[in-house]
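Input: a single structure, listed below in structure tokens.
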Amino acid sequence: MAKVWLFVGPRGTGKWSAAEQLRKDRSILNTDVLRVKSLTADAARSIVDFSYTSPVGKERMTIVRIPHTSTRAIQTLLKVLEDAPDSISFVLLSSAMPIDTIVSRSQVRKFSLLTDEEVTARLLEKRKMGKVTAAKIAKQSGGQVSTAFDLIAKSDTVSDVIKMVKALSL
């Protein structure tokens, strides 16, 4: 298994969900997982602490969203990627291809925007709603599942969702 995965693609294409699924597949459930929503200098220090204080033999995973960020944070992350114990693995999430040094140390998986049908299927998996409503929301999402859920979250009730979908259809 790779020690560093790099998931690259637009916002809302399932990178975070895929990282969580990878964690589940590797049987690292409810144990040492560090989730970093945005790489900053402080977050990089937390990653260092987490990486080097791992109990011997205990597998750990760090999931890190790496936006366009400071050079210092990237340098710290690179140092950790190179020197971390074998018991820790990393999943790096980015909307754009990061610097070559990170790419060269990673197993890369590219994510792309989803079709309206794929977004509809995800909505139907996660929410109780009609297929027509899900399809209309998916069409407005631009291929991004997170945008589809954001549209739903902005509505307080199912009737608000239906009103929103009707308004979008005009």
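The values are calculated or read from the model by the stated rules, or taken from the named source; none is laboratory data. Nothing here was measured: the structure is a model prediction, and the numbers come from that model. Here Cβ is always computed from backbone atoms with ideal geometry, including for glycine, and neighbour counts include all displayed protein chains. The accessibility values were calculated without ligands, DNA or RNA, using every heavy atom of the protein model including side chains. Shrake-Rupley method; radii C 1.70, N 1.55, O 1.52, S 1.80 Å.
Data table
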read-out: In the range 61-70, residue surrounded by the most Cβ atoms within 10 Å (Cβ to Cβ) [restricted to those that are modelled with pLDDT under 85 and farther than 30 Å from A138 by Cβ]; value: T69
read-out: Pair list, Cβ under 6 Å, 6 or more apart: the range 91-113 residue surrounded by fewer than 20 Cβ atoms within 10 Å (Cβ to Cβ), other residue outside any loop (DSSP other than H, G, I, E, B) and of a type in the set (A, V, I, L, M); value: M97/V8; T101/L78; R105/V4; R105/L81; V108/L6; K110/V8
read-out: Only listed residue being modelled with pLDDT of 90 or more and among the charged types (D, E, K, R), chosen from K79, K58, K110, K24; value: K110
read-out: Tabulated pairs, the range 133-145, first part of a helix (DSSP H, G or I), second open to solvent by 10 Å² or more (accessible area, probe 1.4 Å) and among the polar types (S, T, N, Q), C-beta under 7 angstrom, 6+ apart or interchain; value: A134/T120; A135/T120; K136/S169; A138/T120
read-out: Count of the range 119-129 residues which are loosely packed, with under 15 Cβ neighbours inside 10 Å and closer than 17 Å to Q140 by Cβ; value: 1
read-out: A138 closer than 25 Å to W5 by Cβ and open to solvent by less than 60 Å² (accessible area, probe 1.4 Å); value: no
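Results for (1) within 26 Å of Q21 (Cα to Cα); (2) at pLDDT 90 or above, shown as yes or no for each residue.
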position: S89; (1), (2): yes, no
position: D116; (1), (2): yes, yes
position: S146; (1), (2): yes, no
position: F149; (1), (2): yes, no
position: D160; (1), (2): no, no
position: K166; (1), (2): no, no
position: L170; (1), (2): no, no
